[in-house]
1. Is there any pair linking a residue in the range A:135-151 that is assigned to a loop (DSSP other than H, G, I, E, B) to one that is among the charged types (D, E, K, R), with Cβ under 7 Å and at least six apart or on different chains, and which?
2. Checking A:Val107 against (1) under 19 Å from A:Leu141 (Cα atoms); (2) of a type in the set (Val, Ile, Thr); (3) within 14 Å of another protein chain (Cβ to nearest Cβ), only one condition comes out false. Which one?
3. Within the range B:121-130, is even one residue out of contact with any Cys (no Cβ under 7 Å at 6 or more places or on another chain) and free of Cβ contacts under 8 Å to residues at least 60 places away in the same chain?
4. When the range A:53-74 is examined, which residues are found to be polar (S, T, N, Q) and out of contact with any Pro (no Cβ under 8 Å at 6 or more places or on another chain)?
5. Has the range A:190-200 got at least one residue that is more than 14 Å from chain B (Cβ to nearest Cβ), in contact with a helix residue (DSSP H, G or I) (Cβ under 8 Å, 6 or more places away or on another chain) and more than 20 Å from B:Gln79 (Cα to Cα)?
6. Are there strands (runs of 3 or more DSSP E) fully within the range A:262-358 with at least 2 residues that are in contact (Cβ under 8 Å) with a residue 60 or more places away in the chain? List them.
7. Any residue at all in the range A:116-131 that is in the same structural domain as A:Met7 (by TED's automatic domain parsing), among the aliphatic types (A, V, I, L, M), buried (at least 21 other Cβ atoms within 10 Å of the Cβ) and not in a loop (DSSP other than H, G, I, E, B)?
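The values are calculated or read from the model by the stated rules, or taken from the named source; none is laboratory data. Small disclaimer: the values here were computed from a predicted structure and weren't measured. Here the Cβ is made from the backbone with ideal geometry for all residues, glycine too, and neighbour counts use every protein chain on show.
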Amino acid sequence: MKELRLMKGNEAIAEAAIRAGVDGYFGYPITPQSEVLEYLMAEQPEKRTGMVVLQAESEVAAINMVYGGAGAGKKVMTSSSSPGISLKQEGITYIAGAELPCLIVNVVRGGPGLGTIQPAQSDYFQSVKGGGHGDYRLIVLAPASVQEMYDFVGLAFELAFKYRNPALILSDGAIGQMMEKVEISDQIPRWTNEEIKKMSPWATTGKTPDRPHNIITSLDLDPHKQEDFNHKLQAKYREIEKNEVRFEEIQTEDAEYLFVAYGTSSRICQKSIQMARAKGIKVGLLRPITLFPFPSARLLELSKQVKGILTVEMSAGQMIEDVKLAVRCSIPVEHYGRMGGIIPSPAEVLTALEQNFL
Amino acid sequence: MAENITNKDIVKEENLVFKKTSLFTEKPLSYCPGCGHGTAHRLVLETIEEMGIQSETIGIAPVGCSVLAYEFMDIDMQQAAHGRAPALATAIKRLYPEKFVFTYQGDGDLAAIGTAETIHACNRGENIVIIFVNNGIYGMTGGQMAPTTLPGMKSSTSPYGREVISMGNPLKMTELVAQLPGTYYVTRQAVHTPGAVRKAKKAIKQAFENQKLNKGVSFVEIVSNCNSGWKMEPVQANEWMVENMFPFYPLGDIKVPAEQ
């Protein structure tokens, strides 16, 4: 019998990090995700596993600490919320450009600017289209429960190391702050330095006579080499799109209409589906679990079955662009959302469905 | 007899007075002739070679003229975003406390865009070495005003000379970090004469040796020239440095461990 605990989403991230054998966490306080750093500091993981936890002087410093640790082959991560994630974009593009694995957690709050401390999903574009400068992508996982906050830490590191690419957990203030039952996994031991040398022979672990010196950089002044490198990155992203698409479907078998929503919005849509079906409206839900890669192929299939799609996002409508691209505008795709930290109610979502399609 | 001596007779181990540091790669240095970076690189590499710590050392290159330091140094290195080298070094040293970790940074990198990272790494007392090459100008970018550009000094963004009232004062980062409890050893050196090189070497070696003690940052500033950015010939640039830079950035130890 697995251990069960009642935890906040942010605490689940922190405990999962320790249990996943993470070597280093570098963070900076920001609402609504400060519990990640607070939990880690209280838990003293250096005593449990030897994990390093450091409160940096800024989000910029924190992500660059992650860059350093990742370049040296360690399992390292940071977490923040929207304004802090904007600050981290410089480091994230360097990490993507140097092809390093790491985990970034964004517990999204409403924006733009300092915005609000309430939950939102308005960082979708920033998360799935790159975020910083240059042509790059992150592997983006969108948890819809506290259990998924926990489980996706391990999954994110698995994918990050598989593809030598930064992974992002795109959560929001609701999932970060709410408490749910979590099944706790067993402790995975941290990698030894010898294991790191074997698994990540590219890492800066100190030049030994048996290999050339290892260099971690995103710089190549030769434009032809830089273009070749960009092609290599793009090929990697196509490989990720081929292998790593994850999504969940709820009551799509007989659906005539479809909600597409991730994270908190997808939970609201589940209630809206119950209300709609009680009124005889056959609606289902496709919940992308990976936002990059996006479940475009499955959406295209579903577009041949349903009469219309309503994307539900706590934003002005960002993911809707990817949904429209996926279904090639073959059927009507509409958006319903609230902004500024407001979470839509199931009744509002149902009304939006009815007004758009019935 | 003299005419019978051949090269073969001369090139012998016992006659060797100087050789290329083995930790230099085969890549030709990209620095301008007369620039101090090549010498500063050599002193770092000689130190690592003499201490026998090549396999235990991780270096961080900055953005600036020494951005490609990793191409010349035959050690494992990472290239940091502009100013962020002390953040990378912090993480690497904490994750590998048994390794030797150093940053190699210029004045724009360390004293402008990386001020926060520098001060906080120094204040936390990270057990790292920071090599700070200060030539009072942005060299790589093409001779723009740096935080260390002297009052009245001309650059491409202070073409009539640095006017303190509108452009602010030059920043003495080395004196500043010496005030912080997390720095263990702080010194300012130069590499323009054989005597200065010997002193700078001693300082750099001291800084690396200090990492064994776990007592905080060892910070070595090297005041250097930028003949291209200063628009001077190498000899003239060194003379100008002695006459103008040294009075403002005086050479010598600023903070020495009490037990030394």
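1. Going by the 7 Å Cβ cut-off, the qualifying pairs are A:Ala144/A:Arg267; A:Ala144/A:Arg287; A:Ser145/A:Glu180.
2. (3)
3. Scanning the range B:121-130 turns up at least one residue that is out of contact with any Cys (no Cβ under 7 Å at 6 or more places or on another chain) and free of Cβ contacts under 8 Å to residues at least 60 places away in the same chain.
4. A:Ser58, A:Asn64
5. Within the range A:190-200, one or more residues are more than 14 Å from chain B (Cβ to nearest Cβ), in contact with a helix residue (DSSP H, G or I) (Cβ under 8 Å, 6 or more places away or on another chain) and more than 20 Å from B:Gln79 (Cα to Cα).
6. A:283-288, A:290-292
7. yes
Every residue, every condition in (1) within 9 Å of another protein chain (Cβ to nearest Cβ); (2) surrounded by 24 or more Cβ atoms within 10 Å (Cβ to Cβ); (3) touching a residue at least 40 places away in the same chain (Cβ under 8 Å); (4) farther than 30 Å from B:Asn169 by Cα, yes or no:
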residue: B:Met73; (1), (2), (3), (4): yes, yes, yes, yes
residue: B:Gln78; (1), (2), (3), (4): yes, yes, no, yes
residue: B:His82; (1), (2), (3), (4): yes, no, no, no
residue: B:Pro86; (1), (2), (3), (4): yes, yes, yes, no
residue: B:Ala91; (1), (2), (3), (4): yes, yes, no, yes
residue: B:Tyr104; (1), (2), (3), (4): no, yes, yes, no
residue: B:Leu110; (1), (2), (3), (4): no, yes, yes, no
residue: B:Ile113; (1), (2), (3), (4): no, no, no, no
